[in-house]
Amino acid sequence: VRFPEDLEDDNTTFNPEYSHQVFGDDEVAFGYKGLKILLYYIAGNLSTLFRIEYTSKVNEKFDCVEADDVESKIREIIPPGFCTNTDDFVSLLEKEVNFKPFGMLLHTYSVHNEEAGEDITYQIYKADMTCPGFREYHERLQTFLMWFIETASFIDVDDERWNYFLVFEKYNKDGATLFATVGYMTVYNYYVYPDKTRPRVSQMLILPPFQGEGHGAQLLETVHRYYMSSPTVLDITAEDPSENYVKLRDFVLVKLCQDLLCFSPGKLMQGFSQEMVMEAQQKLKINKQHTRRVYEILRLRATDMGDAEQSRSYRLDVKRRLIGPYKKKQRELAKMRRCLRPEELTNQLNQIDLNMQHEQLEESFQQLISDYRRVLERLAQA
């Protein structure tokens, strides 16, 4: 919500992707007809208005069953101090002009908005719990995780190893410059013996109204550039990354790596090398596993897949990596041969069908190439 009229505007509304963490696996609130759970957030500081509406509700006295206590379920997620009536919320909205982003400005960029017919400016900040007001703001911000990340949990903000990176949109209201929350990322700095740290991306969310505009890529690249300047950072990883995050990371890392000398077309065609691992880690804080994917994507770009020899060489190179888990199974099978009885061995062999392995390997390869081509298409448009 930026203006009072947004309260009645369905275009500013977005629905949760998940609600199982609040309402159970069936995602059901029992005992209501026409139930609406309404959560409004002021665009900048995320002050909250919470209301429940319904046309009717089961009654324990007459229906002998009790409706779910929806209000207490929501109260468990949103921090205290929220509004319950519109007038209080609108009066807070009038003070929004005083809201400024927290922490240190890292990056400013603009995105052309077709609807508005103009470039809109965005800024990325790094914050921590010492910033006045940030702790309370973060409590409101993290409530979005429950609705948009499938296995979300709230973090221990008293642990000083957390870093917070925030994206804001700058907009004008009555001649004043205001800021709207776009998304954020939390990063935990793990200790690596003897004197390094390994930042691990924990949570990343771009709010639905801003998705598909490139903010995730801007945020991830800014975070990489922030850590790249630190001699104590070894490399950057991610905790349990989603499929979408891996695709985003592929794009950002390929964009960062493509100009390194070790990824020149001539060197790419000679195969994956230790030089690539070292240069990507030292200059860009990218670990070996991610560097290998970057190599495969850039080599695909340098390969003429219409040339039988180049295509075969590329396929074999990628499949040698993909076959690793299957080879591990075969080593386990060799151990089994030595210690299992014949009937037990037959049972295990049935589970490890070589033809099936070849099919799975080809399927994995084709899926990977499809993902890699999408990264290259996006890179060509960047």
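The values are calculated or read from the model by the stated rules, or taken from the named source; none is laboratory data. Note that the structure is predicted; figures quoted are calculated from it, not measured. Counting neighbours? That spans all protein chains shown, and the Cβs are built from the backbone with ideal geometry, glycine included. To get the accessible areas, we keep the full protein, side chains included, count just its heavy atoms, and leave off ligands, DNA and RNA. Shrake-Rupley method; radii C 1.70, N 1.55, O 1.52, S 1.80 Å.
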Carbon and sulfur atoms account, in whole percent of the 1.4 Å probe accessible area of the chain, for 47 percent
Each label sits 7 Å from Cα toward the beta-carbon; between residue 97 and residue 190 the label points are separated, in nm, by 4.8 nm
With the label point 7 Å along the Cα-to-beta-carbon line of residue 52 and a cut-off under 14 Å to each amide N, the hits in the range 1-21 are none
For 220-227, 131-138, 179-186, ranked highest to lowest by mean beta-carbon neighbours within 10 Å, the order is 179-186, 220-227, 131-138
Expressed per residue, the solvent accessible area of the chain in Å² (1.4 Å probe) is about 56 Å²
With 0.36 nm assigned to each residue of separation and the Cα-Cα distance removed, residue 323 to residue 289 gains 10.7 nm
By the Cα gyration tensor axes a ≥ b ≥ c (a/c under 1.5 gives rounded; else a/b larger than b/c gives prolate, otherwise oblate), the shape of the range 174-310 is oblate
Everything considered on the Cα gyration tensor (a ≥ b ≥ c; rounded for a/c under 1.5, else prolate if a/b is larger than b/c, else oblate), the range 69-176 must be described as oblate
Among the DSSP H helices of the chain, those whose Cα atoms extend at least 20 Å along the helix axis and whose mean Kyte-Doolittle hydropathy is -1.0 or higher are 243-257, 354-381
Plugging the Cβ-Cβ distance of residue 113 and residue 77 into 1/(1 + (r/R0)^6) at R0 = 45 Å yields, to the nearest 0.05, a FRET efficiency of 0.90
Relative contact order of the chain (C-alpha contacts under 8 Å, at least 6 apart) in percent is 10 percent
Once residue 65 and residue 230 are pulled to full extension, the length gained, defined as 0.36 nm per residue separation minus their Cα-Cα distance, is 53.4 nm
Descending packing, highest mean Cβ count within 10 Å first, for 363-375, 301-313 is 363-375, 301-313
